[in-house]
Amino acid sequence: MRTINFSRYNKYKAKKSTYKGRSYHSGLERAYAEKLDWLKKAGEIKSWTPQFKLSLDLNGVHIANYFMDFAVYFKDGRIEMHEVKGYETEVWKMKWKLAKAIYQEYNFVLIK
């Protein structure tokens, strides 16, 4: 009989992964962090930040915080919000739409 250690997984069975000393929620997220590093080395992006906090406020009322997987900064001043997603919950879909409506100055990119 095989025993599975569920403490190594989140509720959607994504296995946590580490890259350059930072823990990511999944191997897909970690792999994307590696890709962003390569894009930076190639000069295609200026920099990137993991777990970028967006405050979701509407009409002066704080609704929730949304931590985007990555904020990506380009040399021309553009900033993109990148979300690496394996499983889309209804709560996530609502926060995604709300963030896009509030922060129209950013381009939102979904990576599957």
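Under 5 Å between amide hydrogens, built in the peptide plane, is the criterion, and for K16 it picks out N10 among residues at least 5 positions away or on other chains.
Rounded to the nearest 20, the Cβ-based charge dipole of the chain about its Cα centre (Lys and Arg +1, Asp and Glu -1) stands at 560 debye. Lys/Arg Cβ at +1, Asp/Glu Cβ at -1, dipole of the chain taken about the Cα centre: which of I102, H25, T49 is farthest positive-ward? Of the candidates, H25 comes out farthest on the positive side.
Distance between the pseudo-spin-label points of F67 and E90 (7 Å out from Cα toward the beta carbon): 2.5 nm.
For semi-axes √(5λ) of the Cα gyration tensor in Å, the value calculated from this model appears in [x] 26, 22, 10; [y] 21, 15, 12; [z] 34, 14, 12 under label [x]. Site pair R22 and F74 shows an inter-label distance of 2.1 nm when each label is modelled 7 Å from Cα along Cα→Cβ.
Report relative contact order for the chain in percent, whole number only (criteria: Cα-Cα under 8 Å, sequence separation at least 6). Can you show the working numbers first?
Values: 148 pairs, mean separation 18.9, N = 112.
Reported relative contact order: 17 percent.
Determine which lysines satisfy two conditions relative to K85: a Cα distance under 18 Å, and not lying fewer than 8 residues away in the same chain. Partners within reach: K11, K13, K15, K16, K35, K53, K93, K95, K97, K100, K112. Charge tally around H82: other residues with Cβ under 11 Å, Lys/Arg +1 each, Asp/Glu -1 each, net -2.
FYI, it's all coordinate maths here, none of it is from the lab. This one's a predicted model, so the numbers in the text were calculated from it and none came from an experiment. Because the Cβ atoms are built from the backbone with ideal geometry, glycine has one as well, and the counts that use them run over all protein chains shown.
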